[in-house]
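As structure tokens, the structure follows; a few thoughts come after it.
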Amino acid sequence: MSYELNWPGPITIGGVGGSGTRVAAEILLQLGFYLGRDLNSAHDNLWFTLLLKRPRWFLKNRGRKESHIFKGLSIFEKIMMTGLKPPYAESGFIARAMVDTMFTGHDYLGSGRGFWPIKRAITMFRPKNIDCSKYHGWGWKEPNTHIYLEYLIKHFHHLKYIHLIRHGIDMAYSRNQSQLYNWGAMLGIPVYDTSIPLPRRSLKYWIEANRRVITLGQKLLGKRFFVVNFDTLCLHPRREIESIMNFLGLNTHGVNMDKLEKLPQFPPSAGRYKSYDMSVFTKDEIEAVRALGFVVDI
């Protein structure tokens, strides 16, 4: 398959960790989109994780050596679209990403250390033809994709981006705080200031991260940017899935909508914030959650 093939895409999915990106990926998979061949159970594209979800590497190159970031995106695009073994000239970048992850991991907890990056590299260098006729287009899902949005927009001229957003105060009490610790400092969040309760630091990150993505997406992508409110998706799955399909340029003809609308379901943690003390948040923070489309019962 030629790297120059005009294969529609990419369609990318991102969001603050725990926002329901897995469900969006399942919808795209069932609609016939190719999201990669090295995925975990949440459908994260692990090639993207290995090559680009490296906080210290990203922050070092951001604004200084951005050519390194674009090189990572170029390599990722090639191995996604061709199914071919990466050329020798690009193997050094992959090897450095592999070694970096082996010793430091891909998040603040050190996840991915050890053999994990070697397994990812093995799949990259194992050629496999991709039959594009089976798919409507290509893309990927990895929650941290939103961090790279401004670079993705410059690199991919036909990019469409789907951003998942879930109730911020519910997420403030989640155990999944990886993005706060990985990227919070970049957004001016006092990540390690223990005088501020963790849920409040988490909510600050949620507000700033989503504001940033929405501002960038609306300004630079326009109609190629789409926000999915996860709570609304669970309340009105058929209607919201039809909106996603319209964004993708698809119609419901021949699609098993009964099957698709069963995918979005409220998790047991939905509404958990109601059992916590809301006084840890400021009035402005609560109003920011409302402004981003969520009801806050106090």
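Average projected area of the Cα convex hull of region 1-103, in nm²?
Values: hull surface 30.8 nm².
For region 1-103, the mean projected area of the Cα convex hull comes to 7.7 nm².
Magnitude of the charge dipole for the chain, about its Cα centre and with charges confined to Cβ atoms of Lys, Arg (+1) and Asp, Glu (-1), is about 700 debye. Here the alpha carbons of region 179-222 define both size measures, Rg and Dmax, at 11.8, 39 Å. Karplus-derived 3J(HN,Hα) values for region 144-155, using 6.51 cos²θ - 1.76 cosθ + 1.60 with θ = phi - 60°, are 6, 3, 4, 4, 8, 4, 5, 6, 4, 4, 6, 7 Hz; glycine and proline are entered as x. With a 1.4 Å probe and every protein chain kept in, tell me what percent of the accessible surface of the chain is carbon plus sulfur. That fraction is 52 percent.
Couplings 3J(HN,Hα) for region 126-143, derived from phi with the Karplus relation 6.51 cos²θ - 1.76 cosθ + 1.60 (θ = phi - 60°), are 9, x, 7, 5, 10, 8, 5, 5, 7, 10, 6, x, 10, x, 7, 10, 7, x Hz, where x marks Gly and Pro. Simple spin-label estimate for residue 253 and residue 200 gives 5.6 nm between the two label positions (7 Å along the Cα-to-Cβ direction from each Cα).
Quick check: net charge around residue 147, other residues with Cβ under 15 Å of its Cβ, Lys/Arg +1 and Asp/Glu -1?
Details: positive: 53, 54, 56, 60, 62, 141, 154, 211, 212; negative: 44, 66, 107, 142, 150, 208.
Result for the neighbourhood of residue 147: +3.
Could you point to the residue in 69, 30, 174 farthest towards the positive end of the chain's charge dipole, with +1 and -1 charges on the Cβ of Lys/Arg and Asp/Glu respectively? My answer, from the dipole projection, is 69. Pairs from the table (78/128; 160/259; 119/154; 141/204; 65/223) lying more than 21 angstrom apart at Cα are 160/259; 119/154; 141/204; 65/223. Computed extension gain for residue 122 through residue 282, at 0.36 nm per residue and net of the alpha carbon distance, reaches 52.8 nm. For the chain, the solvent-accessible area with a 1.4 angstrom probe is 47 square angstrom per residue. Springs between alpha-carbon pairs under 10 angstrom, Gaussian network model over the chain: which of 185, 209, 97 fluctuates most? Answer for the Gaussian network model of the chain: 185.
About the Cα centre, and with charges only on the beta carbon of Lys, Arg (+1) and Asp, Glu (-1), how big is the dipole of region 170-231? Nearest 20 debye, please.
Details: 9 positive and 4 negative charges, 53 e Å.
So the dipole magnitude of region 170-231 works out to roughly 260 debye.
Each residue of region 231-240 was assigned a 3J(HN,Hα) from its phi angle through the Karplus curve 6.51 cos²θ - 1.76 cosθ + 1.60 (θ = phi - 60°); the sequence is 4, 5, 4, 6, 6, 10, x, 5, 4, 6 Hz, with glycine and proline shown as x.
For the chain, what is the mean residue ellipticity at 222 nm derived from helices alone (per DSSP H run of n ≥ 4: -39500 (n - 2.57); sum divided by total residues; nearest 500 deg cm²/dmol)?
Values: 14 runs with 135 residues, N = 298.
Estimated from H runs of four or more residues: -13000 deg cm²/dmol.
Within the chain, the longest segment free of exposed loop sites, counting trypsin sites (Lys or Arg not before Pro) that fall outside DSSP classes H, G, I, E and B and have at most 12 other Cβ atoms within 10 Å, spans 176-261.
With the contact rule set at Cα under 8 Å and sequence spacing of 6 or more, what percent relative contact order holds for region 1-124? Don't skip to the answer; put the middle values down first.
Details: 97 pairs, mean separation 29.6, N = 124.
Taking the mean separation of contacting Cα pairs over the length of region 1-124, I get 24 percent.
Taking the Cα atoms of region 140-211, the ratio Rg/Rh between the radius of gyration and the Kirkwood radius comes to 1.01.
Taking amide H positions as modeled 1.01 Å from N, with prolines and chain starts lacking one, the residues under 5 Å from residue 227 and 5 or more places away or on another chain are 163. Among 21, 252, the sequence by solvent-accessible area, most first, with a 1.4 Å probe is 252, 21.
Distance from the C-alpha centroid of region 244-296 to that of region 68-126: 33 Å, rounded to the whole angstrom.
The values are calculated or read from the model by the stated rules, or taken from the named source; none is laboratory data. Quick caveat: nothing in here was measured; it's all calculated off a predicted structure. Neighbour counts run over all protein chains shown; Cβ positions are idealised from the backbone, glycine included. Just so you know, the surface numbers come from the protein's heavy atoms only, side chains and all, with ligands and any DNA or RNA stripped out. Shrake-Rupley method; radii C 1.70, N 1.55, O 1.52, S 1.80 Å.
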